[in-house]
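Novice: First, the structure itself, so that you have it in front of you.
What follows draws every value from the coordinates through simple rules; no lab data is involved. Values in this document were obtained by computation on a predicted structure and should not be read as measured data. Using ideal geometry, Cβ is built from the backbone for each residue, glycine included, and neighbour counts are taken over all protein chains shown.
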Amino acid sequence: MTASFFLLTIGFVLNAASAPTAAYSRRWGEKRGSLATFVLRNILGIPVWAAGFILAIRAPSRPLLAGSPALKIVGLALLVGGGVIILAALVTIRARAALPSTRDALAQEGLYGRVRHPIHSGTFLEFAGLFLFRPTAAVAVASGLGVLWLLVQTFLEERDLRQRIPAYNEYMKRVPRFVPRLRAK
């Protein structure tokens, strides 16, 4: 269990370190700044924290809820739903997800017209789904750490987006962060 939390922590830190694309670009130029973000997030961060989750799921750990077929179905539905949201968001922003740059345009179409961070919203659903699918102490702690990391990651990314995309400030006033409004404003 210790190895999984070590990997989760290292992966989350590397992923969070990918957020200041604007600062990297100012320091090293746009191409290298974008590349730094790509390596920190996609080559190091995501694979390392994903490995940590896999170890947490496989770790022998005390169950926190009585496992039932219904709980597994709900967990699986949240995992699939989160994955669909993430894929739809990635289709919308395409290369901007992997290689953000100081020349990026503001994404306001598709899911980005309803929430500012649909990828994070989908990931929250996946963390909840993982816990319901395998409701152990290790998965609960891993998912809890994941939620905390996403909140920090979102804060850091929004700080960066306000620097890289001036229209982001107005967008923040119009569009909710994670959960869409039920009624249009």
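Novice: Hey, can you grab everything whose amide H is under 5 Å from the amide H of residue 136? Only 5+ residues off in sequence or another chain; H modelled, so Pro and N-termini drop out.
Specialist: Amide H neighbours of residue 136: 64.
Novice: To continue, here is another question. Rounded to the nearest 500 deg cm²/dmol, what is the calculated helix-only ellipticity per residue at 222 nm for the chain, with -39500 (n - 2.57) per DSSP H run of length n ≥ 4?
Specialist: Result for the chain: -22000 deg cm²/dmol, rounded to the nearest 500.
Novice: In debye to the nearest 20, how big a dipole does region 75-185 give about its Cα centre with +1 on each Lys and Arg Cβ and -1 on each Asp and Glu Cβ?
Specialist: Values: 15 positive and 7 negative charges, 83 e Å.
My answer is approximately 400 debye.
Novice: Okay, next question. If we count every other residue with Cβ under 13 angstrom of residue 88's Cβ, Lys/Arg +1 and Asp/Glu -1, where does the sum land?
Specialist: So the environment of residue 88 carries a net charge of +1.
Novice: List, in order, the whole-Hz ³J(HN,Hα) value for each residue of region 6-12 obtained from phi through the Karplus relation with A = 6.51, B = -1.76, C = 1.60 and θ = phi - 60°; use x for Gly and Pro.
Specialist: With the stated coefficients, region 6-12 comes to 5, 5, 4, 4, 4, x, 5 Hz.
Novice: Further, regarding this structure: Sequence-distant or interchain residues sharing an amide H contact under 5 Å with residue 177, placed H: which?
Specialist: Amide H neighbours of residue 177: 116.
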